[in-house]
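To start, the structure itself, in structure tokens.
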Amino acid sequence: MVVSMRDRFVPLTFKEKPLSQMKADSLAYYELMSRRRTVRDFSDRPVDRMVIENAIRTAGSAPSGANMQPWHFVAISDSKLKSDIRKAAEIEERAFYERRASDEWLEALAPLGTDSEKPFLEIAPWLIVIFLQKFSQGKDDTRLKNYYTSESVGIATGFLISALHNAGLVTLTHTPSPMKFLSELCGRPSIERPYLLLVTGYPADEVTVPAIEKLPLDVISTFVE
Ligand code: IYR
């Protein structure tokens, strides 16, 4: 029988806010996050490693199934590895744009102006590759199953994107498909799979972004009161 360990609980650090403060803070956070835009043209300006470390710490604070924390973040500023990643990604992307993608998919992508050229993989100062661990290493070489891994890593990735935005950087969520080459290039074990590549840095000068809009509250939500 497995016994619950409620005796190992500690007090929650929680400071209640007055309602007026909650309203102001929730609006300010919305305004901050709604200014986030996915950017595809990066400057080569370097970004201090500590900013990336703090953002990854934030991602690592995300909730996860049974607190298994089924993630690993590989932060790359090394030019040779970035250039190897670009070469491998462009091979997959050319196959995608020339053969694999359906016309319907290409039509959906048209407003974003994407193509198989991925210069940002070399230009941006940091590539953060997020890996998802289906298993974690138990004692004596045993494997422990992780739970709700895609939900957990998705949440952690959301934390990471918001932390980098809050720090004053821009990101691009890039998913070359298939991404297996990232496991080999990053030297990660087979119990992990690449989940997403987050291109991170400063925007290029005079950068433009697609004129797209987010759906309004009454479309994306239903309140039952
Ligand atoms: N991986 C490709 C295609 C692509 C797919 C989706 I869905 C996007 O929102 C954007 C791009 C690429 O990176 O170009």
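GNM remark for the chain: springs join alpha carbons under 10 Å apart, and the peak mean-square fluctuation among 206, 90, 98 falls on 206.
Of the complete DSSP H runs in the chain, those spanning 20 angstrom or more by Cα along the long axis with a mean Kyte-Doolittle score not below -1.0 are 19-34, 149-167.
Please sort by residue number the chymotrypsin sites (Phe, Trp or Tyr not before Pro) in segment 1-86 whose DSSP state is loop and whose Cβ has at most 16 other Cβ atoms within 10 Å.
Working: sites: 9, 14, 29, 30, 42, 71, 73; in loops: 9, 14.
Filter output for segment 1-86: 9, 14.
Surface composition of the chain: carbon plus sulfur atoms contribute 55% of the solvent-accessible area (1.4 Å probe, protein chains only, all chains present).
Over 32 Å between Cα atoms: which of 15/145; 87/134; 15/139; 23/134; 23/145 fall into that group? Too far apart for the 32 Å limit: 15/145; 15/139; 23/134; 23/145. Among the trypsin sites (Lys or Arg not before Pro) found in segment 1-107, those both in a DSSP coil and sparsely packed, with 16 or fewer other Cβ atoms within 10 Å of their Cβ, are 15, 35, 36, 37.
Starting from the Cα gyration tensor of segment 178-219, multiply each eigenvalue by 5, take the square root, and state the resulting semi-axes largest first in whole Å. Present the calculation step by step, with values, prior to reporting the outcome.
Values: eigenvalues 214, 72, 13 Å².
In descending order, the three semi-axes are 33, 19, 8 Å.
Sorted on the mean count of surrounding Cβ atoms within 10 Å across their residues, most packed first, peptides 103-112, 193-202 read 193-202, 103-112.
If R0 is taken as 30 Å, the Cβ-Cβ distance between residue 26 and residue 6 corresponds to a FRET efficiency of 0.40. Taking a ≥ b ≥ c as the square roots of the Cα gyration tensor eigenvalues, the chain comes out oblate, since a/c reaches at least 1.5 and a/b does not exceed b/c. A straight Cα-to-Cα reach below 17 Å connects residue 214 with the aspartates and glutamates 31, residues fewer than 8 places away in its own chain not being considered.
Computed over protein heavy atoms with a 1.4 Å probe, the accessible surface of the chain works out to 67 Å² per residue. Label sites at residue 102 and residue 218, each approximated as a point 7 angstrom past Cα along Cα to Cβ, lie 3.3 nm apart. Give me P(r) over segment 30-157, computed from all C-alpha to C-alpha distances, binned every 10 Å, as integer percentages. For segment 30-157, the pair-distance distribution reads 11, 27, 35, 23, 3, 0.
Among 217-223, 136-142, sorting by the average number of other beta carbon atoms lying within 10 angstrom of each residue, highest first, gives 136-142, 217-223. Put a plus charge on the Cβ of each Lys and Arg, a minus charge on the Cβ of each Asp and Glu, and nothing anywhere else: the dipole of segment 39-207 about its Cα centre is then about 720 debye. Please build a GNM for the chain, connecting alpha carbons under 10 Å apart, and tell me which residue among 187, 65, 158 fluctuates the most. In this elastic network of the chain, the residue with the biggest mean-square fluctuation among 187, 65, 158 is 187.
Calculated [222 nm] ellipticity per residue, helices only, for the chain: -11500 deg cm²/dmol; basis is -39500 (n - 2.57) per DSSP H run with n ≥ 4, divided by all residues, nearest 500. Full extension of the segment from residue 90 to residue 139, taken as 0.36 nm per residue of separation minus the current Cα-Cα distance, would add 13.7 nm.
The values are calculated or read from the model by the stated rules, or taken from the named source; none is laboratory data. The structure presented is a predicted model; accordingly, all values stated were derived computationally and were not measured. In this analysis, Cβ positions are derived from the backbone assuming ideal geometry, glycine residues included, and neighbour counts consider all displayed protein chains. Only protein heavy atoms, including side chains, enter the accessible area calculation; ligands, DNA and RNA are left aside. Shrake-Rupley method; radii C 1.70, N 1.55, O 1.52, S 1.80 Å.
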